[in-house]
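First comes the structure, then the notes that go with it.
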Amino acid sequence: MTIITKSKSKLDSVVIDVELLLISVVQGLAIQALVEAAIIPIQELQFEYWPYFLTAFFFILVYWAQAILHTLTFIKWPLDIGHSFLYYLTAIVEFLAFYQITDPFRWFVFTSALMLSIIFLYIFDLWLLKNRRDRFCATKEGNDLYNHALRGQTFELYFFVPAAVVFNILAAATIYYYPVIFIDNGYHLWLIGAQGLFTLGFLIRSIWQFKKRSELITLYEERDAA
């Protein structure tokens, strides 16, 4: 039994290492894409596009923090290859969005698509979490960790991400139908400002979630090792 447990633990570690490597590589490439897209606006002091760059950077931090949090919480053996595929899908849309930072209309169109792709990732993560429920609920510490992860996942899936989808679609539609007001007169800055504040708020929440979840994971792992 001890040999089986050690073997399972080793396989879990391999899967976690693979996921962490994938997340780091994908978001490292995202930073590269963002920097490439921002070179001209920064060099030529096109200040109106700097909020787009800052918002995109906030998003990278949110994506990284959320992905790491999910991986440390419930990604275990066996490796689900479909989950990795969704990381690549969202990364592609993310890169495309970053290259639109000097075109407000296209920016909100692509960030709408990005939020829609993230909904699929959240649904898949929720399915993985529920499928691993038995692993957690054998102990009080595991049950506390599971409930915390489940509450966070469902709240973000049903409220935060849909709100982001609706906002981005409305922002794109507003710019499309009223280009004189929002492009010529610069009112698109209000839209990107609102998006930036929303993303910053989500980032702050992610940091708080990360701290609390880390404590619960530590208690769970200590109890599991005892």
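The values are calculated or read from the model by the stated rules, or taken from the named source; none is laboratory data. These numbers come from a predicted model, not from an experiment. Heads up, the Cβs are rebuilt from the backbone with ideal geometry, glycines too, and the neighbour counts pull from every protein chain shown. The protein model used for the area step is the full one, side chains on, heavy atoms only, and it has no ligands, DNA or RNA in it. Shrake-Rupley method; radii C 1.70, N 1.55, O 1.52, S 1.80 Å.
Here LYS212 is the anchor, and the aspartates and glutamates within straight C-alpha reach of less than 17 Å, apart from those fewer than 8 places off in the same chain, are GLU141, ASP144, GLU156, GLU221, GLU222.
Comparing Cα centroids, the stretch 34-95 and the stretch 150-220 end up 13 angstrom apart.
With R₀ set to 35 Å, the beta-carbon distance separating ILE42 from LEU150 gives a calculated FRET efficiency near 0.25. Normalised by 2.2 N^0.38 Å, where N counts its residues, the alpha-carbon radius of gyration of the chain equals 1.14. Taking a ≥ b ≥ c as the square roots of the eigenvalues of the Cα gyration tensor, the stretch 21-60 is oblate, since a/c reaches 1.5 or more and a/b is not larger than b/c.
Given a 1.4 angstrom probe, what's the average accessible area per residue across the stretch 41-94, in square angstrom?
On the way: 2470 Å² over 54 residues.
For the stretch 41-94, the per-residue accessible area is 46 Å².
The modelled label-to-label distance between ASN143 and ALA163, using points 7 Å beyond Cα along the C-beta direction, is 3.1 nm.
Among the protein heavy atoms of the chain, carbon and sulfur supply 70% of the accessible surface, probe 1.4 Å, non-protein parts ignored. Taking the chain as a Gaussian network, where each spring joins two C-alpha atoms under 10 Å apart, which residue of HIS70, HIS148, HIS188 fluctuates the most? Most flexible of the set in this elastic network: HIS148.
Can you give the FRET efficiency for SER24 and TYR99, using 1/(1 + (r/R0)^6), R0 = 35 Å, r = Cβ-Cβ distance, to the nearest 0.05? My answer for the efficiency is 0.95.
Running a GNM on the chain with Cα contacts under 10 Å, which residue among ASN185, ASN168, ASN147 ends up with the highest mean-square fluctuation? Sorting by GNM fluctuation, first place goes to ASN185.
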